[in-house]
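Structure, as structure tokens:
The values are calculated or read from the model by the stated rules, or taken from the named source; none is laboratory data. Values in this document were obtained by computation on a predicted structure and should not be read as measured data. We place every Cβ from the backbone using ideal geometry, glycine too, and count neighbours over all the protein chains shown.
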Amino acid sequence: MSFPKRRPRRLRRTPAIRRLVAETRLGVDDLIAPLFVREGITEPIPIPSLPGVVQHSLESLGGEVKQLAALGVPGVILFGIPEAKDSVGSEAWNPDGIVQRALAETRQEFGDEIVLIADLCVDEYTDHGHCGIVDDHGRVDNDATLELYANAAVAQATAGADTVAPSGMMDGQVAAIRSALDGAGFTETSILAYSAKYASALYGPFRDAVDVTIADGGDRRGYQQDWHNSREALEEIRLDLEEGADMVMVKPALAYLDIIAKAREGLDVPLAAYHVSGEYAMLKAAAANGWIDGDAAALEVLGSIKRAGADFILTYLAAEVAAMLHD
């Protein structure tokens, strides 16, 4: 007995059928909103290279978190811009530092209604723009930097962070942070490690957002991932998990969908992807010029990241995509 061949287009005929058989579903619960909070301002300041994104005051931050929570976005990640910077980034662990104040006020206002993630690095707080202590030769001292990260982790947890997210790509950073958190009694504070963070050309608008310029025209290729490599990223992820990471991240997302997919194949822990500032800015620029349908492209782009294997996505599109998904 012979059977007629299946025609895939039968399952694409109507929107309802397409929804029924969709293999990947992008939902509000998949989104984390990166938010910037700046010390010493009373009104939010727009970021020209990130259309629709601002540097928040402490007051305006609460309003945005309220909007995100109302849309069902489950979490935010906070980045700080201090008034004063120094060679070691000491404002990163100052109990009265801008991110610590933002964490404490947001926790007090929203309780456990939203997940509070704190980016854990010192580049926003150093006067040289690197992610750690710089030695006399202009190189980042990996081991000396670990103590700074441990101090920042404890300060963030004390202020109310559910999760700390080390982004500096220092060897041993997760172990140092886990030890410091446990030693200070924060055994329930989780770690989202930027395990595969590439030295990418797509971070420019972010550096505008946090007012970071790397001294002497330098770069971070000595400690961030080389974009030519994929096996190395999987090894970085493995090491972070051995050191105690609860979740891991690939950054950027679109140019590294292969890394997300490879990581997903070998992981049983939550996997995040960061749809970074340059990826967002390119989409917004094309939409502003009428070259693409911005809303449709946003859903397609984030859907591709989810399809590649990410469990959740850090994206500046969080609020607008959440609103679209509610419609």
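Inside the range 247-300, can you point out the residues that are over 13 Å from the mean Cα position of the chain (by Cα) and polar (S, T, N, Q)?
Passing the criteria: only Asn289.
Determine the pairs where a residue that is under 21 Å from Ser167 (Cβ atoms), located within the range 180-192, has a partner that is polar (S, T, N, Q) and not in a loop (DSSP other than H, G, I, E, B) with Cβ atoms under 9 Å apart, the partner being 6 or more residues away or on another chain.
Listed pairs, sorted by first residue: Ala180/Asn151; Ala184/Thr158; Phe186/Thr158; Thr189/Gln156; Thr189/Thr163; Ser190/Thr163; Ile191/Thr163; Leu192/Thr163.
Just give me the residues in the range 218-256 being assigned to a loop (DSSP other than H, G, I, E, B) and free of Cβ contacts under 8 Å to residues at least 40 places away in the same chain, in sequence order.
Hits for the range 218-256 are Asp219, Arg221, Asp226, Trp227, His228, Asn229, Ser230.
For the range 36-51, does any single residue satisfy the condition of being of a type in the set (Ser, Thr, Tyr) and closer than 26 Å to Gly294 by Cα? Explain how you work it out, then say what you get.
Taking the range 36-51 first, the residues of a type in the set (Ser, Thr, Tyr) are 42, 49.
Now drop any that are not closer than 26 Å to Gly294 by Cα, which leaves 49.
Looking through the range 36-51, at least one residue is of a type in the set (Ser, Thr, Tyr) and closer than 26 Å to Gly294 by Cα.
Can you tell me how many residues in the range 133-145 are part of a helix (DSSP H, G or I) and either touching a Lys or Arg at 6+ places or on another chain (Cβ under 9 Å) or surrounded by fewer than 24 Cβ atoms within 10 Å (Cβ to Cβ) (or both)?
Adding up the residues that qualify gives 3.
Looking only at the range 34-83, count how many residues are charged (D, E, K, R) and buried (at least 22 other Cβ atoms within 10 Å of the Cβ).
Count: 1.
Has the range 5-26 got at least one residue that is at pLDDT 95 or above and closer than 30 Å to Gln108 by Cβ?
no
Would you mention how many residues in the range 223-280 are in contact with a Phe, Trp or Tyr (Cβ under 7 Å, 6 or more places away or on another chain), over 15 Å from Pro166 (Cα atoms) and of a type in the set (Val, Ile, Thr)?
1
Taking the range 293-321, which residues are polar (S, T, N, Q) and in a helix (DSSP H, G or I)? Step through it out loud before you land on a result.
To start, the set of residues in the range 293-321 that are polar (S, T, N, Q) comprises 304, 315.
If the condition is that a residue be polar (S, T, N, Q) and in a helix (DSSP H, G or I), then Ser304 is the only one that fits.
Which of the residues belonging to the range 91-132 are in a loop (DSSP other than H, G, I, E, B), in contact with a helix residue (DSSP H, G or I) (Cβ under 6 Å, 6 or more places away or on another chain), touching a residue at least 60 places away in the same chain (Cβ under 8 Å) and among the hydrophobic types (A, V, I, L, M, F, W, C)?
Matches in the range 91-132: Trp93 only.
In the range 75-90, which residues are in a strand (DSSP E or B), farther than 15 Å from Ser60 by Cα and either in contact with a Cys (Cβ under 9 Å, 6 or more places away or on another chain) or not hydrophobic (A, V, I, L, M, F, W, C) (or both)?
Gly75, Asp86
Consider only pairs whose beta carbons are under 9 Å apart and that are at least six residues apart or on different chains; among these, list those whose first residue lies in the range 5-32 and is over 18 Å from Ala308 (Cβ atoms) and surrounded by 12 or more Cβ atoms within 10 Å (Cβ to Cβ) and whose second residue is modelled with pLDDT of 90 or more and among the small types (Gly, Ala, Ser).
Val28/Gly72; Val28/Ala318; Val28/Ala322
Yes or no, residue by residue, for (1) among the small types (Gly, Ala, Ser); (2) buried (at least 21 other Cβ atoms within 10 Å of the Cβ); (3) at pLDDT below 85:
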residue	(1), (2), (3)
Asp119	no, yes, no
Ala153	yes, yes, no
Gly168	yes, yes, no
Gln173	no, yes, no
Gly185	yes, no, no
Ile191	no, yes, no
Gly217	yes, no, yes
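Quick check on my filter: what residues within the range 303-312 are under 20 Å from Ala287 (Cβ atoms) and crowded, with 24+ Cβ neighbours inside 10 Å?
If the condition is that a residue be under 20 Å from Ala287 (Cβ atoms) and crowded, with 24+ Cβ neighbours inside 10 Å, then Ile305 is the only one that fits.
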